[in-house]
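The values are calculated or read from the model by the stated rules, or taken from the named source; none is laboratory data. Every value quoted in this text rests on a predicted model; they were computed, and no experiment measured them. Neighbour counts are summed over all protein chains in view; Cβ atoms, including those assigned to glycine, are modelled from backbone coordinates with ideal geometry. Note: areas computed on protein heavy atoms with side chains; ligands, DNA, RNA excluded. Shrake-Rupley method; radii C 1.70, N 1.55, O 1.52, S 1.80 Å.
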Amino acid sequence: MRESTSRDKIAKELLFEAFNGNAVTRYGIQHKDMAKKQLEKVIEKNIINADLIVDHELSFLAASPYGIVDNNALVKIKCSASAKSMSPEDGIT
């Protein structure tokens with residue numbers, strides 16, 4: 001870092017700047033809907049889209065799944081570029 005660089009500005013950028021994504025996150029975003037459709041075929045169930053889910057009794061607990069299956073299972077879909085040659089069956093854990 002140069003002598004003239006504002007340490008205050010650097011700290012604010014690191015702590016408060018929004019992450020705008022990169023090639024890896026763009027790959028995941030571009031393929032998430034396709035992965036959802038493939039997973040629905042494999043498990044033979046519909047995945048209902050979900051946002052933030054907060055526990056009614058313990059409001060400090062929350063989850064942000066991609067979807068819900070049968071009102072009792074959460075689904076989190078990650079589309080890793082490093083796994084792009086895997087089949088849906090191989091990618092399900």
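Can you tell me which residues in segment 60-76 are exposed (fewer than 10 other Cβ atoms within 10 Å of the Cβ) and polar (S, T, N, Q)? Residues satisfying the conditions are Asn71, Asn72.
Within segment 49-59, can one find any residue that is open to solvent by 60 Å² or more (accessible area, probe 1.4 Å), of a type in the set (A, V, I, L, M, F, W, C) and assigned to a loop (DSSP other than H, G, I, E, B)? Within segment 49-59 (the criterion being open to solvent by 60 Å² or more (accessible area, probe 1.4 Å), of a type in the set (A, V, I, L, M, F, W, C) and assigned to a loop (DSSP other than H, G, I, E, B)), the answer is yes, since at least one residue qualifies. I need a count of the residues in segment 33-53 that are more than 17 Å from the chain's Cα centre (by Cα) and either over 25 Å from Glu89 (Cα atoms) or among the basic types (Lys, Arg) (or both). Number satisfying all stated conditions: 2. If you check Lys41 against the conditions, is it open to solvent by 60 Å² or more (accessible area, probe 1.4 Å) and charged (D, E, K, R)? Against the criterion (open to solvent by 60 Å² or more (accessible area, probe 1.4 Å) and charged (D, E, K, R)), Lys41 qualifies. Evaluating Lys45 against the criteria (1) in a loop (DSSP other than H, G, I, E, B); (2) touching a residue at least 40 places away in the same chain (Cβ under 8 Å); (3) not aliphatic (A, V, I, L, M) leaves one unmet condition, (2).
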